[in-house]
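J.: Attaching a single structure in C-alpha coordinates format; questions to follow.
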Amino acid sequence: MSAGSGARREVTIVGAGIVGISAAINLQRDGCKVTVVDRGPPGEGTSMGNAGVFASCGFVPVATPGFAWKAPGMLMDPLGPLSLRWSYMPRMIPWLVSFLRNSSPQAVERIADAMSALVGSSVEDHLALAAGTGAEQWVRPSPYLYVYADEAAFLAESYAWGLRRARGVKWATLRGDAVREFEPALGSDYRFAVVLERHGYTPDPLQLVTALAAHFVREGGTVLQREVKDIEIGADGPTRLLTDQGPVDIGRLVISAGAWSGRLAARLGSPVPLESERGYHVTLQEPGLMPRYPIMSTGGKFVATPMACGLRAAGIVEFGGLDAPAKPDMTLRLLKHVKNLFPGVSTEKYTEWMGHRPSLPDSLPVISRSPHFESVFFAFGHQHVGITAGPKTGRLVADMVAGRVPTIDISPFSVNRFQAARRPVADPAMA
Ligand SMILES: Cc1cc2nc3c(=O)[nH]c(=O)nc-3n(C[C@H](O)[C@H](O)[C@H](O)COP(=O)(O)OP(=O)(O)OC[C@H]3O[C@@H](n4cnc5c(N)ncnc54)[C@H](O)[C@@H]3O)c2cc1C
(Lines give C-alpha, C1' and ligand atoms only; values in the text may rest on other atoms or scores of the structure.)
Protein backbone atom coordinates (compact mmCIF):
# COMPACT_ATOMS: atom_id res chain seq x y z
CA MET A 1 0.00 0.00 0.00
CA SER A 2 1.38 3.41 -0.80
CA ALA A 3 1.31 6.20 1.76
CA GLY A 4 -0.95 8.35 -0.34
CA SER A 5 -3.49 5.77 -1.54
CA GLY A 6 -7.08 5.34 -0.37
CA ALA A 7 -9.73 7.84 0.64
CA ARG A 8 -8.96 7.38 4.32
CA ARG A 9 -5.40 8.08 5.37
CA GLU A 10 -3.83 5.16 7.21
CA VAL A 11 -1.38 6.11 9.92
CA THR A 12 0.71 3.87 12.16
CA ILE A 13 2.19 5.32 15.34
CA VAL A 14 5.05 3.71 17.23
CA GLY A 15 4.69 4.49 20.94
CA ALA A 16 1.58 4.69 23.11
CA GLY A 17 2.77 7.29 25.61
CA ILE A 18 1.05 10.64 26.06
CA VAL A 19 2.57 11.86 22.77
CA GLY A 20 1.59 8.83 20.66
CA ILE A 21 -1.94 8.58 22.09
CA SER A 22 -2.51 12.33 21.70
CA ALA A 23 -1.43 12.07 18.08
CA ALA A 24 -3.67 9.01 17.60
CA ILE A 25 -6.79 10.81 18.85
CA ASN A 26 -6.11 13.94 16.83
CA LEU A 27 -5.52 11.90 13.67
CA GLN A 28 -8.66 9.87 14.35
CA ARG A 29 -10.65 13.09 14.76
CA ASP A 30 -9.32 14.08 11.33
CA GLY A 31 -10.81 10.88 9.89
CA CYS A 32 -7.61 8.84 9.64
CA LYS A 33 -7.49 5.09 10.23
CA VAL A 34 -4.94 4.82 13.01
CA THR A 35 -2.94 1.95 14.49
CA VAL A 36 -0.72 2.41 17.54
CA VAL A 37 2.06 -0.10 18.19
CA ASP A 38 3.69 -0.37 21.60
CA ARG A 39 5.59 -3.16 23.27
CA GLY A 40 3.57 -2.57 26.44
CA PRO A 41 0.09 -1.36 27.36
CA PRO A 42 -0.61 2.35 26.64
CA GLY A 43 0.96 4.82 29.04
CA GLU A 44 3.34 2.42 30.76
CA GLY A 45 6.54 4.11 29.54
CA THR A 46 7.72 7.42 30.99
CA SER A 47 4.18 8.76 30.77
CA MET A 48 3.09 6.77 33.81
CA GLY A 49 5.37 7.88 36.62
CA ASN A 50 5.90 11.58 36.14
CA ALA A 51 4.77 14.41 38.41
CA GLY A 52 1.71 15.00 36.25
CA VAL A 53 2.00 18.79 36.10
CA PHE A 54 0.67 20.71 33.10
CA ALA A 55 3.59 23.10 33.33
CA SER A 56 2.70 26.01 31.07
CA CYS A 57 5.65 27.83 32.66
CA GLY A 58 7.97 24.92 31.81
CA PHE A 59 9.74 26.49 28.87
CA VAL A 60 12.91 27.50 30.76
CA PRO A 61 15.55 24.84 30.09
CA VAL A 62 17.48 23.15 32.90
CA ALA A 63 20.73 24.60 31.50
CA THR A 64 20.58 28.39 31.86
CA PRO A 65 23.59 30.76 31.88
CA GLY A 66 26.00 29.75 34.66
CA PHE A 67 24.72 26.15 34.80
CA ALA A 68 28.19 24.80 33.95
CA TRP A 69 29.54 26.37 37.18
CA LYS A 70 26.68 25.12 39.33
CA ALA A 71 26.60 21.54 37.99
CA PRO A 72 29.72 20.21 39.84
CA GLY A 73 28.27 21.36 43.19
CA MET A 74 24.95 19.70 42.38
CA LEU A 75 26.78 16.48 41.47
CA MET A 76 28.82 16.46 44.70
CA ASP A 77 25.81 17.16 46.93
CA PRO A 78 24.52 13.80 48.28
CA LEU A 79 21.00 15.26 48.23
CA GLY A 80 21.49 17.16 44.95
CA PRO A 81 19.12 17.01 41.99
CA LEU A 82 21.79 15.86 39.53
CA SER A 83 23.54 12.51 39.23
CA LEU A 84 25.88 10.79 36.78
CA ARG A 85 26.71 7.15 36.21
CA TRP A 86 30.43 7.56 35.66
CA SER A 87 30.64 4.40 33.52
CA TYR A 88 28.23 6.09 31.07
CA MET A 89 30.20 9.38 30.95
CA PRO A 90 32.26 8.63 27.79
CA ARG A 91 29.01 8.19 25.82
CA MET A 92 27.47 11.32 27.32
CA ILE A 93 30.33 13.76 26.66
CA PRO A 94 29.23 15.04 23.22
CA TRP A 95 25.65 15.42 24.48
CA LEU A 96 26.77 17.24 27.63
CA VAL A 97 29.03 19.59 25.65
CA SER A 98 26.13 20.47 23.37
CA PHE A 99 23.78 20.78 26.38
CA LEU A 100 26.13 23.30 28.01
CA ARG A 101 26.55 25.19 24.73
CA ASN A 102 22.80 25.65 24.72
CA SER A 103 22.92 27.43 28.08
CA SER A 104 24.06 30.75 26.57
CA PRO A 105 21.61 33.66 26.98
CA GLN A 106 20.89 33.71 23.22
CA ALA A 107 20.22 29.96 23.11
CA VAL A 108 18.01 30.08 26.19
CA GLU A 109 15.90 32.93 24.74
CA ARG A 110 15.47 30.93 21.53
CA ILE A 111 14.53 27.75 23.43
CA ALA A 112 12.10 29.64 25.67
CA ASP A 113 10.39 31.23 22.65
CA ALA A 114 9.90 27.89 20.91
CA MET A 115 8.85 26.00 24.03
CA SER A 116 6.47 28.65 25.35
CA ALA A 117 4.47 28.29 22.14
CA LEU A 118 4.31 24.54 22.75
CA VAL A 119 3.45 24.51 26.47
CA GLY A 120 1.72 27.86 27.04
CA SER A 121 -1.86 26.61 26.60
CA SER A 122 -1.38 23.18 28.16
CA VAL A 123 -4.52 23.17 30.30
CA GLU A 124 -6.77 24.21 27.41
CA ASP A 125 -5.01 21.63 25.21
CA HIS A 126 -5.65 18.87 27.75
CA LEU A 127 -9.28 19.86 28.21
CA ALA A 128 -9.81 19.86 24.44
CA LEU A 129 -8.14 16.46 24.02
CA ALA A 130 -10.05 14.86 26.90
CA ALA A 131 -13.45 16.31 25.97
CA GLY A 132 -15.91 13.51 25.25
CA THR A 133 -13.36 10.75 25.89
CA GLY A 134 -14.08 9.77 29.49
CA ALA A 135 -10.62 11.03 30.48
CA GLU A 136 -11.94 14.40 31.68
CA GLN A 137 -11.73 13.30 35.33
CA TRP A 138 -7.93 12.97 34.96
CA VAL A 139 -7.45 16.62 33.92
CA ARG A 140 -7.50 19.24 36.68
CA PRO A 141 -6.96 22.96 36.13
CA SER A 142 -5.23 24.28 39.26
CA PRO A 143 -2.62 26.70 40.54
CA TYR A 144 1.00 25.53 40.61
CA LEU A 145 3.19 26.64 43.51
CA TYR A 146 6.93 27.30 43.55
CA VAL A 147 8.05 27.45 47.19
CA TYR A 148 11.22 29.09 48.50
CA ALA A 149 12.91 29.40 51.88
CA ASP A 150 12.72 33.19 51.55
CA GLU A 151 12.49 36.04 49.09
CA ALA A 152 16.26 36.09 48.57
CA ALA A 153 16.08 32.53 47.23
CA PHE A 154 13.33 33.64 44.84
CA LEU A 155 15.39 36.64 43.71
CA ALA A 156 18.32 34.33 43.01
CA GLU A 157 16.12 32.81 40.28
CA SER A 158 15.18 36.18 38.77
CA TYR A 159 16.61 35.24 35.41
CA ALA A 160 14.16 32.34 34.94
CA TRP A 161 11.23 34.40 36.26
CA GLY A 162 12.16 37.21 33.87
CA LEU A 163 11.99 34.77 30.95
CA ARG A 164 8.55 33.69 32.14
CA ARG A 165 7.28 37.23 32.66
CA ALA A 166 8.47 38.24 29.19
CA ARG A 167 6.38 35.41 27.72
CA GLY A 168 3.16 36.26 29.49
CA VAL A 169 3.22 33.94 32.50
CA LYS A 170 1.20 35.43 35.37
CA TRP A 171 1.63 34.81 39.07
CA ALA A 172 0.99 36.09 42.56
CA THR A 173 3.51 35.97 45.42
CA LEU A 174 3.04 35.01 49.08
CA ARG A 175 5.31 36.03 51.95
CA GLY A 176 5.84 34.82 55.52
CA ASP A 177 2.89 33.15 57.22
CA ALA A 178 0.74 33.64 54.13
CA VAL A 179 2.58 30.71 52.55
CA ARG A 180 1.34 28.22 55.15
CA GLU A 181 -2.07 29.82 55.27
CA PHE A 182 -2.34 29.08 51.56
CA GLU A 183 -0.89 25.55 51.86
CA PRO A 184 -1.05 24.25 55.46
CA ALA A 185 0.81 21.02 54.59
CA LEU A 186 4.07 22.97 54.07
CA GLY A 187 6.75 23.29 56.71
CA SER A 188 7.28 26.65 58.42
CA ASP A 189 10.72 27.01 56.77
CA TYR A 190 9.03 28.10 53.56
CA ARG A 191 8.50 31.86 53.75
CA PHE A 192 8.03 32.76 50.09
CA ALA A 193 5.91 31.24 47.33
CA VAL A 194 4.91 31.93 43.77
CA VAL A 195 1.37 30.93 42.82
CA LEU A 196 1.10 30.41 39.08
CA GLU A 197 -2.22 30.80 37.30
CA ARG A 198 -3.41 28.83 34.25
CA HIS A 199 -1.70 25.62 35.27
CA GLY A 200 -3.04 22.19 36.11
CA TYR A 201 -2.18 18.56 36.66
CA THR A 202 -3.40 15.05 36.26
CA PRO A 203 -4.06 13.11 39.48
CA ASP A 204 -2.91 9.97 37.66
CA PRO A 205 -0.88 10.20 34.44
CA LEU A 206 -1.24 6.48 33.73
CA GLN A 207 -5.04 6.61 34.09
CA LEU A 208 -5.10 9.69 31.86
CA VAL A 209 -3.29 7.92 29.01
CA THR A 210 -5.19 4.67 29.61
CA ALA A 211 -8.56 6.45 29.43
CA LEU A 212 -7.55 8.33 26.27
CA ALA A 213 -6.33 5.09 24.67
CA ALA A 214 -9.58 3.29 25.60
CA HIS A 215 -11.54 6.07 23.91
CA PHE A 216 -9.33 5.79 20.82
CA VAL A 217 -10.08 2.05 20.62
CA ARG A 218 -13.84 2.57 21.17
CA GLU A 219 -13.80 5.00 18.25
CA GLY A 220 -12.33 2.31 15.96
CA GLY A 221 -8.57 2.76 16.53
CA THR A 222 -6.26 -0.22 16.88
CA VAL A 223 -3.62 -0.76 19.55
CA LEU A 224 -1.14 -3.57 18.87
CA GLN A 225 1.07 -4.75 21.71
CA ARG A 226 4.28 -5.53 19.85
CA GLU A 227 7.90 -4.48 19.94
CA VAL A 228 9.19 -2.85 16.77
CA LYS A 229 12.52 -4.46 15.93
CA ASP A 230 13.16 -2.93 12.53
CA ILE A 231 11.53 -1.02 9.69
CA GLU A 232 11.38 -2.33 6.15
CA ILE A 233 12.10 0.45 3.69
CA GLY A 234 11.15 0.28 0.01
CA ALA A 235 11.95 2.63 -2.85
CA ASP A 236 9.21 5.09 -1.81
CA GLY A 237 9.65 4.84 1.93
CA PRO A 238 8.91 2.54 4.83
CA THR A 239 6.50 -0.28 4.00
CA ARG A 240 6.39 -2.51 7.08
CA LEU A 241 7.28 -2.54 10.75
CA LEU A 242 9.09 -5.73 11.63
CA THR A 243 7.90 -6.63 15.10
CA ASP A 244 8.48 -9.44 17.56
CA GLN A 245 5.16 -10.87 16.38
CA GLY A 246 5.59 -10.49 12.64
CA PRO A 247 5.34 -7.64 10.15
CA VAL A 248 2.81 -4.80 10.26
CA ASP A 249 2.00 -3.01 6.97
CA ILE A 250 2.19 0.74 7.22
CA GLY A 251 0.96 3.78 5.33
CA ARG A 252 2.05 6.93 7.05
CA LEU A 253 4.34 6.42 10.02
CA VAL A 254 4.75 8.48 13.21
CA ILE A 255 7.69 7.77 15.52
CA SER A 256 6.74 8.77 19.07
CA ALA A 257 8.64 6.18 21.06
CA GLY A 258 9.86 8.60 23.73
CA ALA A 259 13.44 8.04 24.87
CA TRP A 260 13.65 4.96 22.62
CA SER A 261 13.01 6.91 19.41
CA GLY A 262 16.69 7.45 18.56
CA ARG A 263 17.35 4.12 16.94
CA LEU A 264 14.13 4.21 14.91
CA ALA A 265 14.87 7.75 13.71
CA ALA A 266 18.40 6.71 12.72
CA ARG A 267 16.98 3.76 10.81
CA LEU A 268 14.87 6.27 8.88
CA GLY A 269 17.97 8.29 8.01
CA SER A 270 17.61 10.93 10.72
CA PRO A 271 20.06 10.27 13.54
CA VAL A 272 19.48 12.49 16.57
CA PRO A 273 21.46 12.92 19.81
CA LEU A 274 18.61 11.67 21.99
CA GLU A 275 19.53 10.76 25.57
CA SER A 276 17.63 9.72 28.64
CA GLU A 277 17.44 12.13 31.55
CA ARG A 278 16.56 9.47 34.05
CA GLY A 279 14.14 10.62 36.73
CA TYR A 280 12.65 9.09 39.86
CA HIS A 281 9.52 9.19 41.94
CA VAL A 282 8.26 7.98 45.28
CA THR A 283 4.52 7.83 45.88
CA LEU A 284 3.59 7.90 49.55
CA GLN A 285 0.55 5.70 50.00
CA GLU A 286 -0.48 6.83 53.48
CA PRO A 287 1.11 10.28 53.76
CA GLY A 288 -1.24 11.50 56.48
CA LEU A 289 -1.52 14.85 54.70
CA MET A 290 -2.01 16.04 51.18
CA PRO A 291 -1.16 19.38 49.55
CA ARG A 292 -4.04 20.92 47.65
CA TYR A 293 -2.03 21.62 44.51
CA PRO A 294 1.22 20.52 42.86
CA ILE A 295 4.26 22.16 44.44
CA MET A 296 7.73 22.72 43.04
CA SER A 297 10.28 22.58 45.84
CA THR A 298 12.90 24.94 44.46
CA GLY A 299 15.46 23.89 47.09
CA GLY A 300 15.10 20.15 46.46
CA LYS A 301 14.28 20.63 42.76
CA PHE A 302 11.44 18.13 42.82
CA VAL A 303 7.67 18.32 42.44
CA ALA A 304 5.13 17.07 45.00
CA THR A 305 1.74 16.28 43.47
CA PRO A 306 -1.51 15.19 45.12
CA MET A 307 -2.20 12.01 43.14
CA ALA A 308 -5.22 9.72 43.35
CA CYS A 309 -2.88 6.94 44.50
CA GLY A 310 -1.00 9.01 47.11
CA LEU A 311 1.40 11.91 47.46
CA ARG A 312 3.99 11.73 44.70
CA ALA A 313 7.43 13.34 44.87
CA ALA A 314 9.18 13.27 41.48
CA GLY A 315 12.43 14.71 40.25
CA ILE A 316 16.21 14.13 39.92
CA VAL A 317 18.14 14.16 36.67
CA GLU A 318 20.46 11.20 36.30
CA PHE A 319 22.58 10.66 33.21
CA GLY A 320 23.10 6.95 32.77
CA GLY A 321 21.41 5.72 29.60
CA LEU A 322 18.42 3.49 29.02
CA ASP A 323 19.73 0.17 30.30
CA ALA A 324 21.24 0.64 33.78
CA PRO A 325 19.07 -0.32 36.77
CA ALA A 326 17.54 2.31 39.04
CA LYS A 327 19.71 3.58 41.91
CA PRO A 328 18.07 2.97 45.33
CA ASP A 329 19.74 6.04 46.89
CA MET A 330 17.70 8.30 44.57
CA THR A 331 14.57 7.09 46.35
CA LEU A 332 16.17 7.98 49.68
CA ARG A 333 17.02 11.46 48.38
CA LEU A 334 13.39 12.04 47.43
CA LEU A 335 12.12 10.73 50.77
CA LYS A 336 14.41 13.16 52.64
CA HIS A 337 13.28 16.06 50.47
CA VAL A 338 9.59 15.32 50.86
CA LYS A 339 9.98 15.13 54.64
CA ASN A 340 11.68 18.52 54.51
CA LEU A 341 8.87 20.06 52.50
CA PHE A 342 6.09 18.52 54.60
CA PRO A 343 7.47 17.85 58.11
CA GLY A 344 4.22 16.15 59.17
CA VAL A 345 4.25 13.60 56.34
CA SER A 346 4.50 9.86 56.90
CA THR A 347 6.98 8.22 54.53
CA GLU A 348 6.52 4.68 55.79
CA LYS A 349 4.57 3.21 52.89
CA TYR A 350 5.67 4.11 49.41
CA THR A 351 6.18 2.84 45.88
CA GLU A 352 9.20 3.85 43.84
CA TRP A 353 9.84 4.26 40.12
CA MET A 354 12.44 5.36 37.60
CA GLY A 355 11.70 6.62 34.08
CA HIS A 356 13.39 8.09 31.04
CA ARG A 357 12.83 11.69 30.00
CA PRO A 358 13.55 11.79 26.26
CA SER A 359 15.99 14.69 25.91
CA LEU A 360 17.86 16.40 23.14
CA PRO A 361 20.77 18.67 24.08
CA ASP A 362 18.98 21.84 22.99
CA SER A 363 15.99 21.02 25.24
CA LEU A 364 13.63 21.10 22.26
CA PRO A 365 11.64 18.11 21.01
CA VAL A 366 11.58 16.84 17.46
CA ILE A 367 8.17 17.49 15.88
CA SER A 368 8.89 17.18 12.23
CA ARG A 369 8.30 15.55 8.90
CA SER A 370 11.17 13.35 7.74
CA PRO A 371 13.45 15.06 5.22
CA HIS A 372 13.75 11.71 3.41
CA PHE A 373 10.23 10.29 3.34
CA GLU A 374 7.00 12.24 2.90
CA SER A 375 5.11 9.55 4.78
CA VAL A 376 7.23 9.69 7.95
CA PHE A 377 6.78 12.03 10.93
CA PHE A 378 8.65 12.38 14.21
CA ALA A 379 7.25 13.45 17.58
CA PHE A 380 9.58 12.78 20.51
CA GLY A 381 12.11 14.39 22.84
CA HIS A 382 9.78 16.26 25.18
CA GLN A 383 12.23 16.02 28.11
CA HIS A 384 10.68 17.44 31.32
CA VAL A 385 7.40 18.55 29.75
CA GLY A 386 5.96 15.65 27.76
CA ILE A 387 2.75 15.43 29.79
CA THR A 388 2.36 19.18 29.42
CA ALA A 389 3.02 19.28 25.68
CA GLY A 390 1.57 15.92 24.59
CA PRO A 391 -1.87 17.17 23.47
CA LYS A 392 -0.48 20.13 21.52
CA THR A 393 2.10 17.87 19.91
CA GLY A 394 -0.63 15.44 18.91
CA ARG A 395 -2.47 18.29 17.22
CA LEU A 396 0.71 19.35 15.40
CA VAL A 397 1.26 15.79 14.16
CA ALA A 398 -2.29 15.75 12.77
CA ASP A 399 -1.64 19.13 11.11
CA MET A 400 1.53 17.81 9.46
CA VAL A 401 -0.18 14.63 8.25
CA ALA A 402 -3.14 16.61 6.85
CA GLY A 403 -0.85 19.18 5.25
CA ARG A 404 -2.41 22.01 7.30
CA VAL A 405 -0.43 25.01 8.43
CA PRO A 406 0.36 24.27 12.11
CA THR A 407 -1.01 26.64 14.74
CA ILE A 408 2.52 27.41 15.99
CA ASP A 409 5.90 27.71 14.31
CA ILE A 410 7.36 24.20 14.35
CA SER A 411 10.59 25.05 12.52
CA PRO A 412 12.60 25.06 15.81
CA PHE A 413 11.57 21.41 16.26
CA SER A 414 12.85 20.22 12.89
CA VAL A 415 14.74 16.93 12.84
CA ASN A 416 17.09 18.53 10.31
CA ARG A 417 18.71 20.68 12.97
CA PHE A 418 21.04 17.83 13.90
CA GLN A 419 22.36 16.56 10.63
CA ALA A 420 23.31 17.03 7.07
CA ALA A 421 20.96 15.05 4.80
CA ARG A 422 21.63 11.32 4.96
CA ARG A 423 19.82 8.43 3.34
CA PRO A 424 18.66 5.59 5.55
CA VAL A 425 21.11 2.74 6.00
CA ALA A 426 20.65 -0.82 7.20
CA ASP A 427 21.25 -0.99 10.95
CA PRO A 428 22.33 -4.48 11.97
CA ALA A 429 21.81 -3.52 15.64
CA MET A 430 18.06 -3.15 15.01
CA ALA A 431 17.53 -6.85 14.39
C1 LIG B 1 10.49 11.93 37.33
C2 LIG B 1 9.79 12.57 36.14
C3 LIG B 1 8.88 13.60 36.37
C4 LIG B 1 8.24 14.21 35.29
N5 LIG B 1 7.28 15.16 35.53
C6 LIG B 1 6.65 15.75 34.50
C7 LIG B 1 5.63 16.70 34.73
O8 LIG B 1 5.26 17.00 35.86
N9 LIG B 1 5.04 17.31 33.65
C10 LIG B 1 5.41 16.99 32.38
O11 LIG B 1 4.89 17.58 31.44
N12 LIG B 1 6.34 16.04 32.12
C13 LIG B 1 6.97 15.42 33.14
N14 LIG B 1 7.92 14.46 32.90
C15 LIG B 1 8.28 14.16 31.51
C16 LIG B 1 7.25 13.26 30.84
O17 LIG B 1 6.94 12.16 31.66
C18 LIG B 1 7.80 12.76 29.48
O19 LIG B 1 8.28 13.85 28.72
C20 LIG B 1 6.68 12.08 28.69
O21 LIG B 1 6.09 11.06 29.45
C22 LIG B 1 7.21 11.50 27.39
O23 LIG B 1 6.11 10.91 26.73
P24 LIG B 1 6.31 10.07 25.42
O25 LIG B 1 4.98 9.68 24.94
O26 LIG B 1 7.21 10.83 24.50
O27 LIG B 1 7.18 8.80 25.89
P28 LIG B 1 6.75 7.50 26.71
O29 LIG B 1 5.67 7.75 27.65
O30 LIG B 1 8.02 6.92 27.26
O31 LIG B 1 6.17 6.57 25.58
C32 LIG B 1 7.00 5.94 24.61
C33 LIG B 1 6.43 4.58 24.33
O34 LIG B 1 7.15 3.99 23.24
C35 LIG B 1 7.20 2.61 23.47
N36 LIG B 1 8.30 2.06 22.67
C37 LIG B 1 9.57 2.46 22.67
N38 LIG B 1 10.30 1.74 21.78
C39 LIG B 1 9.43 0.87 21.22
C40 LIG B 1 9.58 -0.15 20.24
N41 LIG B 1 10.76 -0.41 19.64
N42 LIG B 1 8.49 -0.89 19.90
C43 LIG B 1 7.28 -0.66 20.48
N44 LIG B 1 7.10 0.30 21.43
C45 LIG B 1 8.16 1.06 21.77
C46 LIG B 1 7.42 2.48 24.97
O47 LIG B 1 7.01 1.20 25.43
C48 LIG B 1 6.57 3.61 25.51
O49 LIG B 1 5.29 3.19 25.91
C50 LIG B 1 8.56 13.81 33.95
C51 LIG B 1 9.45 12.77 33.74
C52 LIG B 1 10.05 12.14 34.83
C53 LIG B 1 11.00 10.99 34.56
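J.: Express the relative contact order of the chain as a whole percentage, based on alpha carbon pairs under 8 Å and six or more residues apart in sequence.
T.: With pairs under 8 Å counted, the relative contact order is 25 percent.
J.: Let me have the 222 nm mean residue ellipticity of the chain computed from DSSP H runs of 4+ only, each contributing -39500 (n - 2.57), with the sum over all residues rounded to the nearest 500. Please report the intermediate quantities before stating the final value.
T.: Numbers: 12 runs with 131 residues, N = 431.
The per-residue figure over the chain is -9000 deg cm²/dmol.
J.: Which value, in Å² and to the nearest 10, is the accessible area of LEU253 when all protein chains are kept and the probe is 1.4 Å?
T.: Near enough 0 Å² of accessible area.
J.: Still on this structure: Run the numbers on region 223-291 and let me know its relative contact order in percent, using alpha-carbon pairs under 8 Å that are six or more apart. Before the final figure, lay out each step's value.
T.: Numbers: 62 pairs, mean separation 12.5, N = 69.
RCO, region 223-291: 18 percent.
J.: Further question on the same structure: What translational diffusion coefficient, to the nearest whole µm²/s, does region 62-172 have by Stokes-Einstein, given a Kirkwood radius computed over alpha-carbon pairs, a temperature of 25 °C and 0.890 mPa s viscosity?
T.: Answer from the Stokes-Einstein relation: 142 µm²/s.
J.: Using a 1.4 Å probe on the protein heavy atoms, what percent of the accessible area of the chain belongs to carbon and sulfur?
T.: Summing carbon and sulfur atoms, their accessible area is 54 percent of the total for the chain.
J.: Oh, and also: Compute the angle between helix 328-341 and the longest alpha-carbon principal axis of the chain, please, reported from 0 to 90 degrees and rounded to the nearest 10.
T.: 50
J.: How do 194-201, 51-58 rank on mean C-beta neighbours within 10 Å, highest first?
T.: Values: 194-201: 21.8, 51-58: 26.8.
Top to bottom by mean Cβ count within 10 Å: 51-58, 194-201.
J.: Stokes-Einstein at 37 °C, 0.692 mPa s, Kirkwood radius from Cα pairs: D for region 272-431 in µm² s⁻¹?
T.: Numbers: Rh = 18.1 Å.
Roughly 181 µm²/s, to the nearest whole number.
J.: Full extension from SER414 to ALA402: what is 0.36 nm times the residue separation minus their Cα-Cα distance, to one decimal in nm?
T.: Result: 2.6 nm gained on full extension.
J.: List the aspartates and glutamates whose Cα lies under 18 Å from the Cα of LYS392, skipping any in the same chain that are fewer than 8 positions away.
T.: ASP30, ASP113, GLU124, ASP125, GLU136, ASP409
J.: With +1 on each Lys and Arg Cβ and -1 on each Asp and Glu Cβ, and nothing else charged, work out how big the dipole of the chain is about its Cα centre, in Debye to the nearest 20.
T.: 460
J.: Remind me, what semi-axes does the chain give for its equivalent ellipsoid, largest first in whole Å, using sqrt of 5 times each Cα gyration tensor eigenvalue?
T.: Sorted largest first and rounded, they come to 36, 23, 20 Å.
J.: Can you list the lysines whose alpha carbon is less than 25 Å from that of LYS301, not counting same-chain residues fewer than 8 positions off?
T.: Within reach: LYS70, LYS170, LYS327, LYS336, LYS339, LYS349.
J.: Order 343-350, 226-233, 272-279 from most to least packed using the mean count of other Cβ atoms within 10 Å. Show your work: numbers first, answer last.
T.: Working: 343-350: 15.2, 226-233: 17.9, 272-279: 23.2.
Top of the packing list down: 272-279, 226-233, 343-350.
J.: How high is the relative contact order of region 340-386, in percent, with contacts defined as C-alpha pairs under 8 Å that are six or more residues apart?
T.: Over region 340-386, the number comes to 34 percent.
J.: Along the charge dipole of the chain, pointing to its positive end and built from +1/-1 on Cβ of Lys, Arg, Asp and Glu, which listed residue (SER256, MET115, SER22) has its Cα farthest out?
T.: MET115
The values are calculated or read from the model by the stated rules, or taken from the named source; none is laboratory data. As the structure is a prediction and not an experimental result, all values here were calculated from the model. Don't worry about glycine lacking a Cβ; one is built from the backbone with ideal geometry, like all the others, and counts go over all protein chains shown. The protein model used for the area step is the full one, side chains on, heavy atoms only, and it has no ligands, DNA or RNA in it. Shrake-Rupley method; radii C 1.70, N 1.55, O 1.52, S 1.80 Å.
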